[in-house]
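The values are calculated or read from the model by the stated rules, or taken from the named source; none is laboratory data. Bear in mind the structure is a predicted one, so any value in this text is a computation, not a measurement. Here the Cβ is made from the backbone with ideal geometry for all residues, glycine too, and neighbour counts use every protein chain on show. Ligands, DNA and RNA are stripped out before the accessible areas are found, and what is left, the full protein with its side chains, is counted by its heavy atoms. Shrake-Rupley method; radii C 1.70, N 1.55, O 1.52, S 1.80 Å.
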Amino acid sequence: MLVSVVVPMLNEEGNLRELYRRLAAVFEKLACDRRLIFVDDGSTDGSSKVIRELAQGDPTVIGLRLSRNFGHESASTAGLDVAAEAGSDAAILMDADLQDPPEVIHELIARWKEGYGIVYAVRRQRRGETAVKRACAWAFYRLLNCLSDVKIPMDTGDFRLVDAKVLEAVRLCRERDRFVRGLVAWTGFDSIAVPYDRPARFAGKTNYRFWKLLFLSLDAAVGFSITPLRFASALGFIIMALSMAMALVIVIQKLLVGIQVQGYALLTSGLFFLGGVQMLLLGILGEYIGRIYRQTQGRPLYLVSEKITQKMQDAHESEINEESRVGSRR
């Protein structure tokens, strides 16, 4: 039985050694083979150097260096692709900041052995986060489930285990504007929740700022539903109905009651209002068209500049040593 752990990251040098230590301790107690797949999504710190050190001392460690920052969702996809190619019976997706405690893996695997294809970790507590961020996260999932055609579990992150059949199903989905936890839910396989308390970050600062979270929310809403388009149609119908009702009232006042209708301020405000609504509706339509445009370009989701394994590093060092010997003979 092979279980792969996929860890996408960006500038997590301070967390990697502790994360590896705790992952190794967890798998020592599990009767299964492992692959620890670290995906460096264009880090500018020493993350890749730490991955090399880990891979040099442990043949189960695999590192992927992407050619640039492709985003968390694409980095997650790259790691899941490697896990599938390695023939994993299950893959666990988690963050590198240790807010996803490796010790919860025991329970994820236990539930998976009961026959569930998806085991997702649900946050009971979110330590180290501001009240504003917790409130935004709470609102995000509830609003998303109102808009989305796919029901996504509440208060969950990427921390989850997926079975091999789920892994293959997710690999079939190659859309560019990705929301991995939504894709996992979309597969529809049997799932179960494992509650846990989310600690504060071990080291460093989060890379998920407000705007990143906002755009992720937009990808999730647009990627799994056409509700925004239906909302645009409904809004247009409501405004048309209100305009007709107002026109009828003005006609009645003018012809039957004899009231002199001025209404310049109302007319001006109405024009600005309708202009704003039109821009909003064009923006919603543009989001869908933009996604169609990017998808039809057919570009890859990510590019790997280097794959780091113990064997590859040993071969590279052998080549360097051979070149040194040849140079010394000359």
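So that you can scan it fast, the table gives a plain yes or no per residue for (1) assigned to a helix (DSSP H, G or I); (2) open to solvent by 60 Å² or more (accessible area, probe 1.4 Å); (3) at pLDDT 65 or above; (4) touching a His at 6+ places or on another chain (Cβ under 9 Å):
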site: Gln253; (1), (2), (3), (4): yes, yes, yes, no
site: Leu256; (1), (2), (3), (4): yes, yes, yes, no
site: Ser269; (1), (2), (3), (4): yes, yes, yes, no
site: Val277; (1), (2), (3), (4): yes, no, yes, no
site: Leu281; (1), (2), (3), (4): yes, no, yes, no
site: His316; (1), (2), (3), (4): yes, yes, no, no
site: Ile320; (1), (2), (3), (4): yes, yes, no, no
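Would you pick out the residues in segment 117-137 that are surrounded by fewer than 20 Cβ atoms within 10 Å (Cβ to Cβ) and either in contact (Cβ under 8 Å) with a residue 60 or more places away in the chain or assigned to a loop (DSSP other than H, G, I, E, B) (or both)?
Filtering segment 117-137 for residues surrounded by fewer than 20 Cβ atoms within 10 Å (Cβ to Cβ) gives 122, 124-137.
Passing the criteria: Val122, Arg124, Gln125, Arg126, Arg127, Gly128, Glu129, Thr130, Cys136.
Just to confirm my filter: which helices (runs of 4 or more DSSP H) fall fully inside segment 2-108 and include at least 3 residues that are under 23 Å from Ile118 (Cβ atoms) and within 20 Å of the chain's Cα centre (by Cα)?
72-85
Taking segment 34-74 as the search range and keeping residues that are within 26 Å of Arg181 (Cβ to Cβ) and among the charged types (D, E, K, R), which one is surrounded by the most Cβ atoms within 10 Å (Cβ to Cβ)?
Asp40
Can you tell me which of (1) at pLDDT below 95; (2) surrounded by fewer than 20 Cβ atoms within 10 Å (Cβ to Cβ) is the one Arg21 doesn't meet?
Only one criterion is unmet by Arg21, namely (1).
Hey, can you tell me all the residues within segment 186-201 that are surrounded by fewer than 15 Cβ atoms within 10 Å (Cβ to Cβ) and either polar (S, T, N, Q) or more than 30 Å from Arg174 (Cβ to Cβ) (or both)?
Across segment 186-201, the qualifying residues are Pro195, Asp197, Ala200.
Could you tell me how many of the residues in segment 283-299 are hydroxyl-bearing (Ser, Thr, Tyr) and either closer than 15 Å to Ile226 by Cβ or surrounded by 13 or more Cβ atoms within 10 Å (Cβ to Cβ) (or both)?
Residues in segment 283-299 being hydroxyl-bearing (Ser, Thr, Tyr) and either closer than 15 Å to Ile226 by Cβ or surrounded by 13 or more Cβ atoms within 10 Å (Cβ to Cβ) (or both): 1 in total.
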